[in-house]
Amino acid sequence: MSREQLERAGALPPMGSDDAGCNVLHVDMDAFFAAVELRDRPELRGRPVIVGRRNGRGVVVSATYEARAAGVHSAMPMGTAMRACPAATVIEPSREKYSAASRDVMAILNDVTAYVDEVSIDEAFLDVSGARRTLGSPTQVATEIRTRMKSHLQLPCSVGVGTVTMVAKIASTMAKPDGLLVVPAGDTVRFLHSLPVGRLWGVGSKTVKSLGAIGVYTVADLAALPPTRLAHAVGRAHATRLASLAAGHEVRPIAGRGAEKSIGSEHTFDVDVTSLADLEKSVRLEVEEVARRARSAGLTATTVTVKVRFEDFRTTDRSRTMAAATDSASAIFVVARDLLRQSVTPESSVRLVGVRLSGLAEVSETGHQLSFDSSAEAHTVAEETVDQIVARFGPAALQRASLIRQKE
Ligand SMILES: [Mg+2]
């Protein structure tokens, strides 16, 4: 559902479109099992389809939106569902198929960032703060994810974008089906306040009832309540958590954040690339990016991986472990260029290149050792200066002449 549709339906307060600081994405596949089944039965597209076992105790595990429109929902007993929507086609669930599709979905997400928190078989939180240079703003990343899910997997998804996980998840739910909703940082509290209190995490029907008894129906009502009254109604611990949720604070940081096992960056070309010189330029850019991120995290790497995806989606990963740990882009590039040259032939038509650093260690552990060439240390000093400029003015402020990408 589009934001305009939600606004017209009165489901959204007036909000801007600025996505600065909205680094959390919640990606949720739409009617996942049913959508996977529709790939094998395209003739059923646009029709009510229910996935579930027809035996006596079977429940609906997934249903297309056409079946939902007739009142069918997940976990509904199959008998009830069939009475609600007699025209529906029933398909027996096949877990193996859904697991395989889930792996494909997560591969697309893990391609975008190393910060993916898989919540269930068909949904995940992503922290996309590191994907800005390669894929753009959070809105652009979300759009790219939706495009890839559709074009590579023929599976629709909805994406919520916000400053914290709960807001992103509420937004993706509101955007369903097949939608994208950004909740700007500056509108987060207003957005939350507009919601019924039951939308907050941890507020079940029992809490809704006890809050209703003291006149609290919306998140705004809850936020306006004196803390002592809230604590009296729901208990002290619960009250503290609800108050932070209502204020838009993060209560569920994305797992893996701060414990990065690798640092990767990649670029998908608008038009497939065949020229080795152009590919090397792109690899150089990815190297600059991962080296910059390693330095800003105070990390060095020992292993460089170059990923190449060809026009037919065949993908190769080539890695090399270096003799010494480094965070120098120049040193990493020497290895990455070599790996690239091993990966492609003059006939190759390349769709994507990526560079990943692993074997990460704190600079203090490795003593910042740089052994590739005598000027490596000078390079590092220059690169640190670059980092400071980029941190202050953004990457557009500085781009080496040789690195100007043809098409950003
Ligand atoms: Mg889902």
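The values are calculated or read from the model by the stated rules, or taken from the named source; none is laboratory data. The structure displayed is predicted, hence computed values, not measured ones. Positions of Cβ are backbone-derived with ideal geometry, glycine not excepted, and every protein chain shown enters the neighbour counts. Ligands, DNA and RNA are excluded from the accessible area calculation, which covers all protein heavy atoms including side chains. Shrake-Rupley method; radii C 1.70, N 1.55, O 1.52, S 1.80 Å.
General observations
- Note on the chain: with neighbouring protein chains present and a 1.4 Å probe, carbon and sulfur make up 53 percent of its accessible heavy-atom surface.
- Per-residue [θ]222 nm for the chain (sum of -39500 (n - 2.57) over DSSP H runs n ≥ 4, rounded to 500): -12500 deg cm²/dmol
- Calculated FRET efficiency for the pair residue 103/residue 55, C-beta based, R₀ 35 Å, to 0.05: 0.80
- Label point distance in nm, residue 277-residue 47, each placed 7 Å from Cα along Cα→Cβ: 5.6 nm
- Cα-based shape type of the range 195-246, given that a ≥ b ≥ c are square roots of the gyration tensor eigenvalues and the cut on a/c is 1.5: rounded
- Net lengthening on full extension, residue 314/residue 9 (0.36 nm per residue, minus Cα-Cα): 105.4 nm
- Comparing 231, 301, 361 in a Gaussian network model of the chain, where Cα atoms under 10 Å apart are tied by springs, the biggest mean-square fluctuation is seen for 231.
- Overall form of the range 37-94: oblate. Here a/c, set by the Cα gyration tensor axes a ≥ b ≥ c, is 1.5 or more, and a/b is not larger than b/c.
- Hz values of 3J(HN,Hα) by residue in the range 334-339 - Karplus curve (6.51, -1.76, 1.60), Gly and Pro given as x: 4, 6, 5, 5, 4, 5
- Fluctuation leader among 30, 40, 221 - the chain, Gaussian network, Cα springs under 10 angstrom: 40
- In loop segments of the range 219-314 as defined by DSSP, the trypsin sites (Lys or Arg not before Pro) with at most 15 further C-beta atoms inside 10 Å of their C-beta are 257, 261, 314.
- A straight Cα-to-Cα reach below 15 Å connects residue 97 with the aspartates and glutamates 37, 40, 122, residues fewer than 8 places away in its own chain not being considered.
- Applying 0.36 nm per residue to the separation of residue 190 and residue 361 and subtracting their alpha-carbon distance, the gain on full extension is 57.4 nm.
- Accessible area of the chain divided out per residue, in Å², using a probe of 1.4 angstrom: 46 Å²
- Seen through its C-alpha gyration tensor, with square-root eigenvalues sorted a ≥ b ≥ c, the chain comes out oblate because a/c lies at 1.5 or above while a/b is not bigger than b/c.
- Take every Cα pair under 8 Å whose residues are at least 6 apart in sequence, average their separation, divide by the length of the range 195-246, and the relative contact order is 38 percent.
- Phi angles of the range 40-51 translate, via the Karplus equation with coefficients 6.51, -1.76, 1.60 and θ = phi - 60°, into HN-Hα couplings of 7, 10, x, 5, 8, 4, x, 10, x, 10, 10, 9 Hz per residue; Gly and Pro are given as x.
- Ranked by how many other beta carbons lie within 10 Å on average, peptides 140-151, 339-350 from highest: 140-151, 339-350
- Solvent-accessible surface of protein heavy atoms, probed at 1.4 angstrom with all chains present, puts 249, 26 in the order 249, 26, largest first.
- Amide H contacts of residue 63: 34, 51, each under 5 Å away and 5 or more positions distant or on a separate chain (H built 1.01 Å from N in the peptide plane; Pro and chain starts excluded).
- Relative contact order of the chain: 14 percent, from C-alpha pairs under 8 Å at least 6 residues apart in sequence.
- Chain lengthening between residue 210 and residue 238 when straightened (0.36 nm per residue, less Cα-Cα): 8.8 nm
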